[in-house]
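The values are calculated or read from the model by the stated rules, or taken from the named source; none is laboratory data. Because the structure is predicted, anything quoted here is derived from the model rather than measured. Cβ placement follows ideal geometry from the backbone for every residue including glycine, while neighbour counts extend to all protein chains displayed.
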Amino acid sequence: PIEPSTYLMNVTIGGVERAIGQLEVEPRGNTSASTLVAPASLNDSDSSLTSQSIQSASTERIDVARGDLAIVRIDESGLETALTPENVAGGPDANGIEISMNQLEVRPNQEQQSFLATPENGATVVPDFENDVVFVVWDTSDLPIEGASEDYEVTVTLQGDHSDFVEEDTITARTRVTLVRPTVSMTASNETIYPWDAPTVNVTGESTLAPGSVVELRARAPGQPFLKLVPMTVSENRTIRTNLTFAPEDRGLVFPMWVRDYRDNTETTMRLLESDASLRFVDQETDGTFVTISEVNLSVGGFIRVETADEEVLGTSAYLPPGEHENVIVEFDRRQLTDTELLAIAHADRDGDQNFSSQMDLPYRTNGSVNGSLVADDAMVRLEPDAKTPTPTSTPTTDEPTSTATASTATPYPVVERTPIEPAVAGTNTGIPFSPGLVVIALVVTGFLARRR
């Protein structure tokens with residue numbers, strides 16, 4: 001090989017110099033490699049692969065879903081004369097250039113698997129020498145994968161025995177490819193569409209497929225043609241999204257919806273409910289605290305509300321699940337004391353909380369239309385004979401005053417407080433002297449007592 005330098009060139013004919021020039025040999029640039037991914041449909045094109053078509057369809061990332069195309073971009077200058085796109089399997093016919101994909105994890109009792117970039121292994125080499133780029137387009141459909149992913153490394157090797165650039169085998173570029181399972185997930189914003197909602201649904205999901213891949217969303221009622229066949233394109237951040245609008249005649253259908261080829265992981269059941277309700281309210285006798293609605297049928301569940309002809313609300317039933325019901329009791333908030341005609345109205349549980357709200361839970365209407373008539377029925381409700389309100393009985397009164405004895409709390413005898421007299425001391429003449437009259441009385445009493453004895 002010629003060493004990188006500037007060389008003088010001339011053209012001599014018959015010993016006569018006819019032209020001169022200059023040759024500049026640049027050093028071979030560094031080789032690098034990177035991994036991109038492209039949809040498998042890129043290989044389905046009738047036209048041959050070009051650098052432009054590859055770059056427009058590719059996204060730079062190392063994760064490649066099995067079946068998609070792993071694109072290896074090799075930036076290299078100086079290989080133009082040596083590289084043969086039809087043969088990069090090494091050896092003299094390939095000028096010592098070998099491009100291969102090698103399994104990184106070697107499992108017990110197994111050998112490392114390597115695949116040369118040949119058409120038999122699903123590889124196509126597309127050079128773009130003007131821009132010093134070589135693309136290797138690799139169909140990963142036949143590459144082995146164990147578990148959720150498999151790691152590979154793509155290497156560009158110059159073999160010393162067959163290359164003019166190196167004296168020994170040299171890896172000039174390498175890049176990693178992580179092979180993953182192709183997956184698609186799907187979520188519907190509202191699997192149940194109620195009669196009062198617009199028949200639309202937002203479908204979103206994620207996929208490991210290459211950006212630009214197209215998957216098909218399907219919806220089909222049993223025994224009927226497909227309701228929807230909608231293509232969805234995987235975005236650069238590997239998401240899918242679409243908006244569906246169903247026809248009015250699809251109301252009442254229950255059907256599966258899924259992504260083709262990924263039904264096990266994406267199937268969901270759609271329910272397009274229709275507004276359908278009926279009730280039967282017959283004449284009856286009650287005690288004025290409740291009424292009984294004989295038959296009720298609510299397609300989406302709800303309540304029965306009873307009111308007077310003046311639209312005065314008397315009571316609301318407990319929540320009734322979707323389906324048929326018999327002998328539904330509606331208790332009144334206050335007792336009805338007169339015979340009157342009452343109206344029972346079916347209300348839908350629009351907010352789904354199973355608690356009645358006059359603002360949210362509006363009445364059912366015929367044909368499911370906002371312009372339809374109320375689903376209602378009236379009945380004459382009479383009080384039972386023994387439930388008539390009794391005439392109040394007056395309590396007799398008397399003008400005679402009621403006397404109340406008052407217990408006396410006065411002391412029966414007056415109490416006179418005296419200063420106690422000090423006792424006389426024995427052997428003294430102190431004390432109170434007895435008067436002569438008192439002495440005479442004492443003697444008379446003594447004599448009287450003596451005669452009685």
Next item on the list: With respect to residue 60, determine if the residue is of a type outside the set (S, T, N, Q) and in contact (Cβ under 8 Å) with a residue 40 or more places away in the chain.
Entry: no
Notebook entry, point to check: Just one of the numbered conditions (1) surrounded by 14 or more Cβ atoms within 10 Å (Cβ to Cβ); (2) within 17 Å of residue 200 (Cα to Cα); (3) in contact (Cβ under 8 Å) with a residue 40 or more places away in the chain; (4) not hydrophobic (A, V, I, L, M, F, W, C) is not true of residue 266; which one?
Noted result: (2)
Item checked: residue 187 vs. criteria touching a Ser or Thr at 6+ places or on another chain (Cβ under 7 Å) and polar (S, T, N, Q) -> yes
Margin query: Conditions first: (1) in contact with a strand residue (DSSP E or B) (Cβ under 9 Å, 6 or more places away or on another chain); (2) part of a loop (DSSP other than H, G, I, E, B). Residue 230 passes all but one, so which condition is the exception?
Written below: (2)
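Identify all residues within region 150-201 that are among the β-branched types (Val, Ile, Thr), closer than 30 Å to residue 87 by Cα and assigned to a strand (DSSP E or B); write none if there are none.
154, 155, 156, 157, 170, 171, 172, 175, 177, 178, 180
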Next item on the list: Scan region 175-184 and give yes if some residue there is outside the structural domain of residue 268 (by TED's automatic domain parsing), modelled with pLDDT under 95 and surrounded by fewer than 19 Cβ atoms within 10 Å (Cβ to Cβ), otherwise no.
Entry: no
Item checked: Within region 288-324, considering residues that are of a type in the set (D, E, K, R) and surrounded by fewer than 13 Cβ atoms within 10 Å (Cβ to Cβ), the one farthest from residue 353 (Cα to Cα) -> 310
Note to self: Which count do you get for residues in region 374-387 that are surrounded by 11 or more Cβ atoms within 10 Å (Cβ to Cβ) and modelled with pLDDT under 90?
What the structure shows: 1
Notebook entry, point to check: What is the number of the single condition among (1) surrounded by 15 or more Cβ atoms within 10 Å (Cβ to Cβ); (2) in contact with a helix residue (DSSP H, G or I) (Cβ under 8 Å, 6 or more places away or on another chain); (3) touching a residue at least 40 places away in the same chain (Cβ under 8 Å) that residue 227 does not meet?
Noted result: (3)
Next item on the list: Might you check whether a residue that is in contact (Cβ under 8 Å) with a residue 24 or more places away in the chain and outside any loop (DSSP other than H, G, I, E, B) occurs anywhere in region 14-28?
Entry: no
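Residues checked against (1) charged (D, E, K, R); (2) modelled with pLDDT under 95:
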position: 260; (1), (2): yes, no
position: 272; (1), (2): no, yes
position: 290; (1), (2): no, no
position: 318; (1), (2): no, no
Note to self: Show me the strands (runs of 3 or more DSSP E) entirely contained within region 77-149 in which 2 or more residues are of a type in the set (Val, Ile, Thr).
What the structure shows: 97-103, 123-128, 133-139
Next item on the list: Those residues that are of a type in the set (Ser, Thr, Tyr), out of contact with any Gly (no Cβ under 9 Å at 6 or more places or on another chain) and either surrounded by fewer than 16 Cβ atoms within 10 Å (Cβ to Cβ) or at pLDDT below 90 (or both), I need them from region 66-119; list them, please.
Entry: 81, 84, 114
Note to self: Need a quick list: strands (runs of 3 or more DSSP E) entirely within region 276-380 having at least 1 residues that are of a type in the set (Gly, Ala, Ser) and more than 29 Å from the chain's Cα centre (by Cα).
What the structure shows: 277-280, 290-298, 313-316, 340-348
Item checked: Residue identified as touching a residue at least 12 places away in the same chain (Cβ under 8 Å) and under 18 Å from the mean Cα position of the chain (by Cα) among 186, 232 -> 186
Notebook entry, point to check: Hey, among the residues in region 236-258 that are exposed (fewer than 12 other Cβ atoms within 10 Å of the Cβ) and in a loop (DSSP other than H, G, I, E, B), which one's modelled with the lowest pLDDT?
Noted result: 247
Margin query: Just checking, does region 146-153 include any residue being farther than 29 Å from residue 66 by Cβ and surrounded by 13 or more Cβ atoms within 10 Å (Cβ to Cβ)?
Written below: no
Next item on the list: Inspect all residues belonging to region 120-129 and state whether any of them is closer than 22 Å to residue 181 by Cβ, surrounded by 21 or more Cβ atoms within 10 Å (Cβ to Cβ) and in contact with a strand residue (DSSP E or B) (Cβ under 9 Å, 6 or more places away or on another chain).
Entry: yes
Margin query: Against the definition (free of Cβ contacts under 8 Å to residues at least 60 places away in the same chain, farther than 16 Å from residue 379 by Cβ and of a type in the set (S, T, N, Q)), how does residue 316 come out, yes or no?
Written below: yes
Check: If you scan region 336-368, which residues turn out to be at pLDDT below 90 and closer than 16 Å to residue 278 by Cβ?
Finding: 365, 366, 367, 368
Check: Restricting attention to region 381-392, does a residue exist that is part of a loop (DSSP other than H, G, I, E, B), within 41 Å of the chain's Cα centre (by Cα) and touching a residue at least 24 places away in the same chain (Cβ under 8 Å)?
Finding: no
Item checked: Only listed residue being surrounded by 21 or more Cβ atoms within 10 Å (Cβ to Cβ), closer than 19 Å to residue 269 by Cα and not assigned by TED's automatic domain parsing to the domain that holds residue 349, chosen from 195, 222 -> 195
